[in-house]
Amino acid sequence: MSQFSHFAQLWRTSTVRLTATFILIFGIFSILLLGFIGWQSNVSIQRQQADEIDREVRILQRIDANQGVRALAFAVERISRAPGPGVYFLGDASGQYLLGNVTDVPVDVLLTPGTYGFDYERADALTDNPEQLDERVPQSAKSGYAVVRSVELSNGMRLVVGRDVVERRGFSAIIIQSFLIGVLGIIAFSIIAGGITAQRVLRRIDAIRDTSTKIMSGNLSERVPVTRRNDEFDGLATNLNAMLDRIEQLLQGLKEVTDNVAHDLKTPLTRLRNQAESALREGASDETRQQALETTIAESDRLIQTFNALLMIARAEAGAPSGALKDNDVSAIVADVAELYGPVAEDAGIVVETAITEGVHLHANRELIGQAMVNLLENAVKYARPEGQGEGQAQGRITVGLRRAGDRVLIEVADNGPGIPEPDRQRVIERFVRLEKSRSESGSGLGLSLVNAVARLHGGSFHVEDNAPGVRAVIDLPAA
């Protein structure tokens, strides 16, 4: 019963059904092909026998015409005694038997020249020694069915020349037997090959299904097995594993975002509540209420900025809508943002230098590229002062650059600040990550995450390097 259910389960699969369809089509085609070969072989043998009969008739007619009746009789007697499938009859004008290995020929064959077929028996008196006849002519060849051609000679005598078709029928039987064996072999081989193929395919599909079942049960670390065959299933498994890695990363990122949002929003919301509570307290002065309202507005602005940054990152990671990416002069965008932040950096005692290659155009979103540059320059202005130097010192320096490197376009913002330790350079790109433990500086930890999302939206990447001293932030975009 279990084997029957297993077979029913296999039959319900598309792989087995496609295999069965292929076997059926292949079997029908093979049967038709073998049948055509057998029929063509039989027709060819018939044509060959007919040509041989016509050739012998023409030879005997020439002998009769050129050498006379005696030579014809001698020729018929000689070829009649030769072993083989030949059938010969020579009669007088009335059809009476004179010579040949067949004595009984139907009357209509003798009266009307043409091509006929009939059952016959060979003559017993081919020689004076019947035992010699038996040695030369097998018992199975003493009777049979012959295909003959009947002609009337110029002297009125009747000549019948033909071939026994038993041998041809035997050959046809061999062809049919071989045909049936070949068809059965093809069907059996196709079923075995199809079964093995279907079993291997189903085994690979079962592996994918088992992996997906484990993942649905909550084990996100499961992956589809990949063999060394490098076939289409390995390609599918590789793509599925890459998708699963991406999903796991997104889920892990979602968990981290949820934790960070809860952590980062708890403090400002608590401050908002405390300020509101102090403003509503009895005896609070107008100055206290005014300060509470101002603090509430400031904290609300920070919360709105945080949520706006999260929404912008989400839109960038979701992909650009149709028509959002256009041909833009990236050199002009970078130059405009650098010029905009020049006075801000100058007020902080920081010098902004530019090294921008002009006329660089990209298929990009102008607003997102500009926002990424704003985030980078805000970070640079915040951290560009060398260690040990306070605000107002003129030792801070920011370099904004844009250049081509082969088929890439590099946008760089470098400073000479304290820098970022190497273990943290990848971590700062994550959401809500702030290396400053006290979090006394303003910010939400989303600026570099947005830059990374914008770079990935445009098919590029974002990374942080050591500037010795300071940090170099690089947006690497494809030129085409």
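The values are calculated or read from the model by the stated rules, or taken from the named source; none is laboratory data. Note that the structure is a prediction, hence the values are computed from the model and not measured. Heads up: the accessible areas ignore ligands, DNA and RNA and are worked out on the full protein's heavy atoms, side chains in. Shrake-Rupley method; radii C 1.70, N 1.55, O 1.52, S 1.80 Å.
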Seminar exercise, completed: For N365, the residues 5 or more places away or on another chain with a placed amide H closer than 5 Å to its own amide H are K326
Problem set entry | Sulfur and carbon atoms: percent of accessible area, the stretch 16-77 [1.4 Å] | 64
Exercise. Taking the stretch 45-108 on its own, what percent of its Cα-Cα pair distances exceed 20 Å?
Worked result: 30
Problem set entry | Extended-chain gain in nm, criterion 0.36 nm per residue less alpha-carbon gap, V183 and W39 | 50.3 nm
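For the stretch 141-239, what's the relative contact order in percent, using C-alpha pairs closer than 8 Å and at least 6 residues apart?
Over the stretch 141-239, the number comes to 14 percent.
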Exercise. Between E367 and R62, what length comes free when the chain is fully extended (0.36 nm per residue of separation minus the Cα-Cα distance, one decimal in nm)?
Worked result: 99.2 nm
Problem set entry | Under 5 Å, built H, 5+ apart or other chain: amide partners of G419 | G470, V471
Problem set entry | Fraction in percent of alpha-carbon pairs per bin - 10 Å, the stretch 200-247 | 28, 56, 16
For this session: Could you list, in their original order, any pairs among K266/K326; K214/K266; K266/K382 whose Cα atoms are separated by more than 31 Å?
Result: K266/K326; K214/K266
Problem set entry | Rg to Rh, two decimals, where the stretch 320-376 supplies the alpha carbon set and Rh follows Kirkwood | 1.05
